[in-house]
Amino acid sequence: MIPGTFEYYRPDSVASVVALLAKLGDDARPLAGGQSLIAMMKTRLASPEHLIDLSAIAELHGIREQGNDIIIGAMTTQHELIASELLAKYLPIIRETSLVIADPQIRYKGTLGGNVANGDPGNDMPALMQCLDASYQLVGPKGEREVAARAFYNGAYDTALQADEIVSAVRIGKPVAGHGYGYEKLKRKIGDYATAAAAVMITMSVATCTSASIGLTNVSETPLWAEAAGKALVGTQLDEASIAKAVAAAEAITNPASDMRGPAEYRTKMAGIMLRRALERAKSRAHG
Amino acid sequence: MAKTHITLSINGNEVEALVEPRTLLIHFLREQQNLTGAHIGCDTGHCGACTVEIDGMSVKSCMTFAVQAQGAHITTIEGVANPDGTLSALQEGFRMMHGLQCGYCTPGMILRAHRLLQENPTPSEEEIRFGIAGNLCRCTGYVNIVKAIQYAAAKINGTPFLEAAQ
Ligand SMILES: Cc1cc2nc3c(=O)[nH]c(=O)nc-3n(C[C@H](O)[C@H](O)[C@H](O)COP(=O)(O)OP(=O)(O)OC[C@H]3O[C@@H](n4cnc5c(N)ncnc54)[C@H](O)[C@@H]3O)c2cc1C
Ligand code: FES
Ligand code: FES
């Protein structure tokens with residue numbers, strides 16, 4: 001399978017990318033790791049006439065601390081997310097999630113920016129970013145703006161990103177120390193997208209849950225932030241009755257497709273089970 | 001469509017070439033460079049038969065364009081033998097442990113295992129299996145591939161590998 005023809009550009013600054021996108025219009029696409037885009041170009045689901053490779057732009061790489069936030073450059077690869085000591089310290093759920101994405105080769109190339117900008121409901125990072133209440137920093141001809149991950153996804157491959165903008169970084173507030181976390185993903189094999197997956201972040205005060213945030217992957221056209229499910233847990237001891245309520249609230253907002261990963265009803269139930277497991281692990285890890 | 005000029009290093013040799021931007025790295029290596037060791041299995045990023053090493057990363061060369069390799073250092077299976085022509089520890093391991101049957105997956109397996117051992121010189125069986133999860137083999141059932149990598153790790157580390165004695 002050979003992609004259609006295109007012109008290739010490798011600028012070395014965000015300003016030049018923005019200028020190129022403004023000049024070339026809708027026929028231009030940024031190229032990050034290429035692990036989704038090249039596959040789409042081979043099947044001609046995408047046939048951009050201009051590809052703007054972001055890999056040479058130093059300012060898009062790297063992970064840093066900024067006050068109470070962690071800023072992750074869009075071109076940071078999944079491999080780098082796994083290796084990061086800063087993330088291991090503040091946001092270990094990112095490592096846990098990265099490790100269940102694709103396989104080693106894809107993770108050396110695939111980037112956080114590409115994963116969140118792609119808009120494929122199968123991508124794992126978007127629901128995690130919603131769970132963490134992350135924001136995406138976007139740069140376009142009118143300058144910079146920030147969009148919350150929870151407000152970014154409109155539908156499959158339909159996001160708040162304009163054709164002349166790129167994601168430059170992802171900003172995540174540092175969770176409190178001692179929080180509990182878990183990302184659970186059901187997949188048919190390594191390298192498969194989720195049949196269903198759940199991201200959970202909780203804080204506990206002694207035995208009482210004081211905050212809970214839940215994201216769900218690949219059980220709708222968009223990632224889902226299960227707000228009501230999280231609320232159902234706050235103030236409880238995470239006892240069976242409260243967990244059952246949260247699981248029911250999460251299952252209620254799913255709307256998965258019936259496909260080779262299973263019928264819709266099954267995938268909804270699996271979302272509930274992934275949530276239970278992620279919650280159990282988060283609870284066992286939380287201390288407060 | 002205009003071709004793009006690229007310079008890169010392949011197996012230690014400086015290479016200059018003109019490529020169409022849409023040329024995938026695997027096609028560039030096999031058809032323009034006559035390096036046919038890396039194979040095309042699935043062409044969709046799943047099987048790993050096309051795995052090569054680029055700047056310290058294992059990469060599926062069917063999922064990257066040759067133009068992206070501008071300035072890169074690439075190693076393919078043709079470049080992994082010892083400088084004196086003898087087999088590298090991994091190649092020897094695959095041979096001694098019967099880590100291949102048809103051999104189609106082997107160049108990708110060896111390149112991936114090479115990087116794995118660079119990053120983790122003493123991997124457990126579980127770490128080996130997780131580390132080669134992006135490489136499919138339709139023949140061996142993986143048991144002997146795992147042994148081949150354990151053999152190579154032992155040889156590189158100078159530690160005994162009991163299987164090898166049998
Ligand atoms: C075999 C295989 C298995 C996989 N399994 C999984 C999985 O289990 N879970 C998962 O989440 N993913 C999976 N992936 C996808 C992988 O994680 C991709 O790397 C990721 O989806 C996209 O990242 P990328 O850097 O490769 O982006 P690209 O493929 O380069 O780009 C994807 C899209 O995002 C746009 N884009 C990229 N970067 C930016 C930016 N900074 N600003 C604006 N737009 C941008 C591109 O124009 C394109 O439309 C798999 C891929 C393969 C080949
Ligand atoms: S041919 Fe590249 S992964 Fe299968
Ligand atoms: S030896 Fe035949 S595919 Fe691995």
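Within 14 Å of chain A (Cβ to nearest Cβ) and not polar (S, T, N, Q): does that describe B:A81? Before you say what the answer is, go through the steps one by one.
Details: within 14 Å of chain A (Cβ to nearest Cβ): no; not polar (S, T, N, Q): yes.
Here the answer is no, as B:A81 does not meet what is asked.
At least 2 residues being in contact with a Ser or Thr (Cβ under 7 Å, 6 or more places away or on another chain), closer than 24 Å to A:L54 by Cβ and open to solvent by less than 20 Å² (accessible area, probe 1.4 Å) is the threshold, and among the strands (runs of 3 or more DSSP E) wholly inside the stretch B:1-110 those reaching it are B:51-54, B:57-60.
Selection of the stretch B:119-137 for residues being over 17 Å from the mean Cα position of the chain (by Cα) and within 14 Å of chain A (Cβ to nearest Cβ) yields B:P123, B:E126, B:E127. Looking across the stretch A:156-200, just one residue is of a type in the set (S, T, Y) and out of contact with any strand residue (DSSP E or B) (no Cβ under 9 Å at 6 or more places or on another chain), and that is A:Y157. Can you spot a residue in the stretch B:116-129 that is crowded, with 20+ Cβ neighbours inside 10 Å and within 30 Å of B:R22 (Cα to Cα)? Within the stretch B:116-129, one or more residues are crowded, with 20+ Cβ neighbours inside 10 Å and within 30 Å of B:R22 (Cα to Cα). Note on the stretch A:151-177: residues that are open to solvent by 30 Å² or more (accessible area, probe 1.4 Å) and either part of a strand (DSSP E or B) or in contact with an Asp or Glu (Cβ under 6 Å, 6 or more places away or on another chain) (or both) amount to 6.
Within the stretch A:178-195, being assigned to a loop (DSSP other than H, G, I, E, B), modelled with pLDDT of 95 or more and open to solvent by 30 Å² or more (accessible area, probe 1.4 Å) holds for A:K187, A:R188, A:Y193.
If you go through the stretch B:57-88 and keep only what is without any contact (Cβ under 8 Å) to a residue 60 or more places away in the chain, within 16 Å of B:V15 (Cβ to Cβ) and among the hydrophobic types (A, V, I, L, M, F, W, C), you end up with just B:F65. All of A:T222, A:T210 fail the test of being assigned to a loop (DSSP other than H, G, I, E, B), assigned by TED's automatic domain parsing to the domain that holds A:G272 and open to solvent by 20 Å² or more (accessible area, probe 1.4 Å), apart from A:T222. Within the stretch B:1-27, being touching a helix residue (DSSP H, G or I) at 6+ places or on another chain (Cβ under 9 Å) and within 12 Å of chain A (Cβ to nearest Cβ) holds for B:T4, B:I6, B:V19, B:E20, B:P21, B:R22, B:T23, B:L24, B:L25, B:I26, B:H27. The single condition among (1) under 30 Å from A:A177 (Cβ atoms); (2) surrounded by 21 or more Cβ atoms within 10 Å (Cβ to Cβ) that A:R64 does not meet is (2). Within the stretch B:133-152, the residues that satisfy the criterion of being more than 11 Å from ligand 3 (Cβ to nearest atom), open to solvent by 10 Å² or more (accessible area, probe 1.4 Å) and not polar (S, T, N, Q) are B:A133, B:V143, B:K147, B:Y151.
Scanning the stretch B:89-110 for residues that are without any contact (Cβ under 8 Å) to a residue 60 or more places away in the chain, within 16 Å of ligand 2 (Cβ to nearest atom) and either within 14 Å of the chain's Cα centre (by Cα) or within 14 Å of chain A (Cβ to nearest Cβ) (or both) returns B:G103, B:T106, B:I110.
The values are calculated or read from the model by the stated rules, or taken from the named source; none is laboratory data. What you are looking at is a predicted structure, and each value in this text was computed from that prediction instead of being measured. So basically every Cβ, Gly included, is an ideal-geometry build from the backbone, and we count neighbours across all protein chains shown. Remember, those area values only see protein heavy atoms, side chains included, never the ligands or the DNA or RNA. Shrake-Rupley method; radii C 1.70, N 1.55, O 1.52, S 1.80 Å.
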